[in-house]
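Quick note: the coordinates plus some simple rules give every number you see, no bench work behind them. Please read all numbers here as calculations on a predicted model, not as lab measurements. Every residue, glycine among them, receives a Cβ derived from its backbone with ideal geometry; neighbour counts consider all protein chains shown.
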Amino acid sequence: MDDSQWPFFQFSIFNFSIFNVIVMDYQAIIDEYYPEDDELRGLLLKHSRQVADRCLQIANKHRELPLDVQFLEEAAMLHDIGIRWCHAPGIFCHGEEHYLRHGLIGGQVLREKGFERHARVCERHTGTGLTSVPTGKDGTPLLSANLVENGFFVPETLEEQLVCYADKFYSKSSPDRVLSVLETAQSLEKFGHEGVIKFLHWAELFEG
């Protein structure tokens, strides 16, 4: 770079800070909320990496699909960021919220940081997308009926669908097991047959 270019270079750097560009660093976010080297952090990192790697493998195989690969990896690594606030002792979560709210909580965390697209992936990865209001043991609604009825928890973009799809092959309760397409479809019956049909459509799209 010659001297005539130097003032513009300075101005460009200065503008970068003026416009307050938000840089995504998924590892820094994980480190912020899971700072201790404990079993929960280890499980979160393993599961998230499993999901991210499957997403990236599918993206590499299907170059014809208009996928934002960088965003895909970031979102996959952060899709479960909300689990620490939930009560699921079997997977080292000792919070107070019902586990089915972890996507909503994760979305709130990322949205407050300015990552709207990543927040939507968190909110839309449970089952194949929640289309009915889940309830607790006492019948209390766990999510807003208005949000559910308006499709707030249903994956829409290809990236949202792919993270949701890839997530279904791995259970944090059995982190070393990888389900087959058939096993995964069977495990989704608890969410209703409509979800199974949607999953099999995704399998045809992403595995074909």
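Can you give the translational diffusion coefficient of segment 166-208 in µm²/s, computed by Stokes-Einstein from the Kirkwood radius over Cα pairs at 20 °C and 1.002 mPa s? For the chosen part, D equals 201 µm²/s.
Net length available on complete extension from Glu96 to Ser144 is 15.5 nm, with 0.36 nm assigned per residue and the Cα-Cα distance removed. Build a GNM of the chain with springs between Cα atoms under 10 Å apart, and of Asp138, Asp37, Asp176 the one that fluctuates most is Asp138.
What's the magnitude of the charge dipole for segment 57-177 around its Cα centre, counting Lys and Arg as +1 and Asp and Glu as -1 at the beta-carbon? Answer in Debye, nearest 20.
Dipole of segment 57-177, to the nearest 20 debye: 220 debye.
Report the residue, chosen from Gly139, Gly192, Gly107, that carries the largest GNM mean-square fluctuation when the chain is represented by alpha-carbon nodes joined by springs under 10 Å. Of Gly139, Gly192, Gly107, the most mobile in the Gaussian network model is Gly139. Between the helical axis of 193-207 and the longest alpha-carbon principal axis of the chain there is an angle of about 40 degrees. For the pair Ser132 and Val181, label points projected 7 Å from Cα toward Cβ lie 2.7 nm apart.
Given +1 at the Cβ of Lys and Arg, -1 at the Cβ of Asp and Glu and no other charges, the dipole of the chain around its Cα centre is 520 debye to the nearest 20. The residue among Gly136, Gly114, Tyr99 whose Cα reaches farthest toward the positive pole of the charge dipole of segment 98-142, with charges on the beta-carbon of Lys, Arg, Asp and Glu, is Gly114. As a calculated quantity, the FRET efficiency between Arg117 and Leu200 at R0 = 30 Å, using C-beta atoms, amounts to about 0.70.
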